[in-house]
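Some notes on the structure that comes next.
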C-alpha cells in the first residue's frame, strides 16, 4: 500500500469518526439538551452538579459543549463557581465514560444501530423519532469508523519507516504527550483522539508507553478547547474554565512525569494495550472528581490573578464606560470586524443585564433599576449608531466578499440587539411601572406562568449569546428549536388566562391586559434573540430561507 493511499484511508476514517460524533450530538441534543440545561442552574451540591455534568456530556457527546453552556450560565449569575466547576469536571468524566462504552466488543450493535437508526431517520414522520434515528445512526457510524481506523492502521506496523518513528517517541515521550494535546485541541474532540490512540494500540502500531503519553496529552489538550472558545467571555465564567484547565493540566503533567512507574504498574492489569489506555483515561478523570471538596479554595486564588473588571461607582454606568471600537484600525478590515464583534458582545451583555430584572420589577419596584435599564437602552442605541458610523468609514472596496458578508451579518445582529433592548425598555419596563402605579395583582397561576415564560426566555437568551460568542452551530440550532416551545407555552398561558376569566377570578380580571401584553412582549423578545443566531445557521448550511433544514443537515 502506498503512503498516499494509507494517509487517505486514515483521513477518511478520522473524518467519519468526527462526523459521527457530531451526528450523535445533534440527534440527542435536540431531544434532551434543553431539559438538561435546566439542571445546570438548579443543583448547588457539588456531587449533584458533577452528576449533571456527567450525564450531559454522555448525552451531548462533548465535554466542551457542557463547559461552554456552564460558562454561559456563570456569566448570567445563575451558577456559582463551585457548582460550575463541579459540572465541568463531571462532564470530563462523562466524556471518558463515552470512550469506555464505545470500546465494548458488541458485534450486533453496529448493524442494529445502522438499520434501526436509518429506518427511523428516513421513514419516520415524527421529529422526535427522526432525531432518535439520527443519534442511533451516529453511534453506528462511530463503530464503523473505528473498524475503518483499525484496518487503516494495520499496514503501519509493516511500514519500513514506522519503527523508527515509534523508537523516537519511546526515547522522547514528551513529543507523544504534546502530540496528543495538539490532536485533541485541533480536532476539538477528546473522544475522537482517545479512540484513535486505542485503535493504534490495538493493532500494535504504538507501544503502551507512547499510548499512555498520547492519552494524557489528549486530556491536557481537551481542557484547552473551552479556554480558547471562552477567551472573550466574562471574567467570572473564564475563572471556571481556567480552573478546570489548571486542575486537568496539572494532573496530566504530573501523571506524565511519573509515566515510567505508571505504565509498569498498569500494564499487567489488562489483557490488551487498548483496554489499558481506556482504563487509564477513565481512572484519570474519575480521580479528578476527588478534588470536589476542595475546589472552592481555588476561587479566592484566581480572584487575585483574574479579578473582575473595575466598574464605575455609579451602578448606572457599569456597561458603557468604553467602546470596543478603535478608530485607529478602522482602515484594516480584519481588525475592524474583530472590534465590531467585541462591541456586539458588549451589547449582548447589556441586553442580558437589562432583561434579568424585567419581571422582578413587577413586584419589587426600584427607581434605580428602572433608571439603569433606560440608561443601558440609550447605551445600546449609541453603540448601534457608532457601529454604523464605524462601518461607513471602512474601505468597502478593499474588503473581500466574505468580509462584506460578515459586516452585514454583524450590523443585522446589532440591530436585533437594539430591538431586544427596546422591547425590554418600552414594553416590559413600562408594564412594570403600570403594575405599581395601578396596584395590579396577578393570580397565583397567572404569575407562575409569567415567571416560567421569563425563565425560558432568559435560558434561551443565555444559549443564544453563548452561540454568538463561540460561533457554535449546535447551540444555535438549540436556540431556534426552543423557539417553538416558547411560543407554544405562550399560547397555552393565554388560553389558561381566558379560562380563569370565564371562571370569574377577580385577580385575572384586574391583570388581564398586562398579563396578555407581557406574554406577547416576552414572545417578541425571544423572537429577536433567536434572530441573532440565524446568520450562524445560514453560514453553515443549517437554514433554508427562514426554516431549519430537516432532511439532510439535521
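Scanning the range 423-458 for residues that are surrounded by 18 or more Cβ atoms within 10 Å (Cβ to Cβ) and out of contact with any helix residue (DSSP H, G or I) (no Cβ under 7 Å at 6 or more places or on another chain) yields no hits at all.
Counted as qualifying within the range 467-553 are the helices (runs of 4 or more DSSP H) with 2 or more residues that are out of contact with any helix residue (DSSP H, G or I) (no Cβ under 9 Å at 6 or more places or on another chain) and modelled with pLDDT of 80 or more, namely 473-502. Out of 411, 359, one residue alone is in contact with a helix residue (DSSP H, G or I) (Cβ under 9 Å, 6 or more places away or on another chain), assigned by TED's automatic domain parsing to the domain that holds residue 527 and under 24 Å from residue 453 (Cα atoms). It is 359. When the range 156-186 is filtered for residues that are modelled with pLDDT under 80 and crowded, with 16+ Cβ neighbours inside 10 Å, only 156 remains. Considering the range 344-442, the qualifying helices (runs of 4 or more DSSP H), each wholly inside and each with 1 or more residues that are touching a residue at least 40 places away in the same chain (Cβ under 8 Å) and farther than 27 Å from residue 469 by Cα, run over 360-363, 367-392, 430-437.
Of note, residue 49 does not satisfy the criterion of being in contact with a helix residue (DSSP H, G or I) (Cβ under 8 Å, 6 or more places away or on another chain), farther than 22 Å from residue 128 by Cβ, in a helix (DSSP H, G or I) and at pLDDT below 75. From the list 122, 109, 100, 136, the lone residue that is surrounded by 17 or more Cβ atoms within 10 Å (Cβ to Cβ) and touching a helix residue (DSSP H, G or I) at 6+ places or on another chain (Cβ under 9 Å) is 136. Do we have residue 225 as in contact with a helix residue (DSSP H, G or I) (Cβ under 6 Å, 6 or more places away or on another chain), modelled with pLDDT of 80 or more and assigned by TED's automatic domain parsing to the domain that holds residue 49 here? Taking the combined requirement at face value, the residue satisfies it.
Restricting attention to the range 52-80 and to residues that are within 16 Å of residue 93 (Cβ to Cβ) and in a loop (DSSP other than H, G, I, E, B), the residue that is modelled with the lowest pLDDT turns out to be 61.
The values are calculated or read from the model by the stated rules, or taken from the named source; none is laboratory data. Being a predicted model, the structure only gives us computed values, none of them experimental. With ideal geometry, Cβ positions are generated from the backbone for all residues, glycine too; neighbour counts draw on all protein chains shown.
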